Amino acid sequence: MLRPDTLTLTALLALLTAIGPLSTDMYLSSLPDIGRQLNAGPAQVQLTLSVFLVGFAVGQIIYGPLSDRYGRRPVLIAALLLYTCACLICTFARSIEMLIAARALQAIGGSGAVVLARAVVRDLYSGARAGRELSLMGAIMALAPVVAPPVGGLLQTAFGWRANFFVALAGGLVLAALVWWMLPETLRHRAPERVSPASMLRVYRTIARHKGFLAHLGMIAASYAGLFAWISGSPFVLQDLYGVSPLGFGIAFALACLGFMTGASLATRLVTRIGLGRTMGFGALALASGGLLMTAAVALGIASVALLVASTAIYLFGIGLVLPQAMAGALTPFPDRAGAASSLMGFVQQASAAVLGTIVGHLLGHSAWPIAVPMALMGCLTLLIWAVSRNVRSRDVGRSQS
């Protein structure tokens, strides 16, 4: 069994959180081909992504309270097995409706891995130390969105879109085996009451009344929604409007994701020196800058793939600074309910992304505006929330949050 404060444990937790990017980014270059093969329009194909986000959000509501009661390890293993079964269905889907339904099931299973990885971090660490751990996990996890799109492009070119889900199936099985053999139980004090809709509602109501939690949650939801404007729209904008090949799209997407890796890596060094709040402030500024730069490029009619990718990389650099610290700040006040707090946080995060991603899918047409405007708005909103909530966060978790 792995011990705390080891890179191996951090790597395993990072791989668990990478299920989300693996399940979305790897098949992005296949979206146009899925539409052709299954006789579906862009809006229907985009639903395979939006429904995944909805399922990912809804699934997270369940896992936190269950793990607070029964432990992290058994609930996590069950979630991973559900994920692998859904991947198998996706691999053999014969209609867009079947693929959409399987994606929802895949999301419900995969969401448990993300929720419980964060809960394990809160079981073991708190405050800036938790922020550093989540940032280190983010830096490792960032390899997934960097590697997944080019791999997905190669799989699409060589074998077709179904190969992406077969690879995801294999990855889920490997993770389930690693958790079974290597992950210890980290929950120290189990919740005394049984899990029921009434008990879950009481816990979530208590968490949602916490002003510090809400401030961090606002930054998480806004910044992440902007990211999914890019994820939802970029396959069609870059490939259909800018003429980029599936492999070229994968490379462009991976280059943008290097911004997130850089931001998360920098955060591991910054957060213990300047605190969670200031680290998030630098990140929020980068978010707004990246979104506004893309909007300016589109407004000026600069049809440059390189500029779109560069502005997205700046935005993702900001996410690498903001997200891990905001998650740590949101979880810190709830040492005894880390699972439930992680669930509520993940639900709102994914739901906001699903809503904005769906809107972007319906607005896609003959320009990059449906990507640029949401990213600029969400980046500026994150910066605004950070600025107006400084006093709340400072009172909540101390000087490191100011």
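The values are calculated or read from the model by the stated rules, or taken from the named source; none is laboratory data. Note that the coordinates shown come from a computational prediction; the quantities given were computed from them, not determined experimentally. Glycine gets a Cβ as well: all are built from the backbone with ideal geometry, and neighbour counts include every protein chain shown.
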For this session: Output the residues belonging to segment 344-401 that are over 15 Å from Trp230 (Cβ atoms), hydroxyl-bearing (Ser, Thr, Tyr) and at pLDDT 90 or above.
Result: Ser389
For this session: Check Ile231 against each of (1) assigned to a helix (DSSP H, G or I); (2) out of contact with any Ser or Thr (no Cβ under 9 Å at 6 or more places or on another chain) and name the one condition it does not meet.
Result: (2)
For this session: Take Arg103 and decide whether it is modelled with pLDDT of 95 or more, farther than 30 Å from Gly277 by Cα and among the basic types (Lys, Arg).
Result: yes
For this session: Considering each of Ala198, Ala168, Ala177 in turn, give the residue that is in contact (Cβ under 8 Å) with a residue 60 or more places away in the chain and within 26 Å of Ala119 (Cβ to Cβ).
Result: Ala168
Problem set entry | Unmet requirement for Gly320, which otherwise passes all of (1) without any contact (Cβ under 8 Å) to a residue 24 or more places away in the chain; (2) of a type outside the set (Val, Ile, Thr); (3) closer than 30 Å to Leu187 by Cα | (1)
Seminar exercise, completed: The number of residues in segment 207-223 that are touching a residue at least 40 places away in the same chain (Cβ under 8 Å), surrounded by fewer than 19 Cβ atoms within 10 Å (Cβ to Cβ) and of a type outside the set (Lys, Arg) is 2
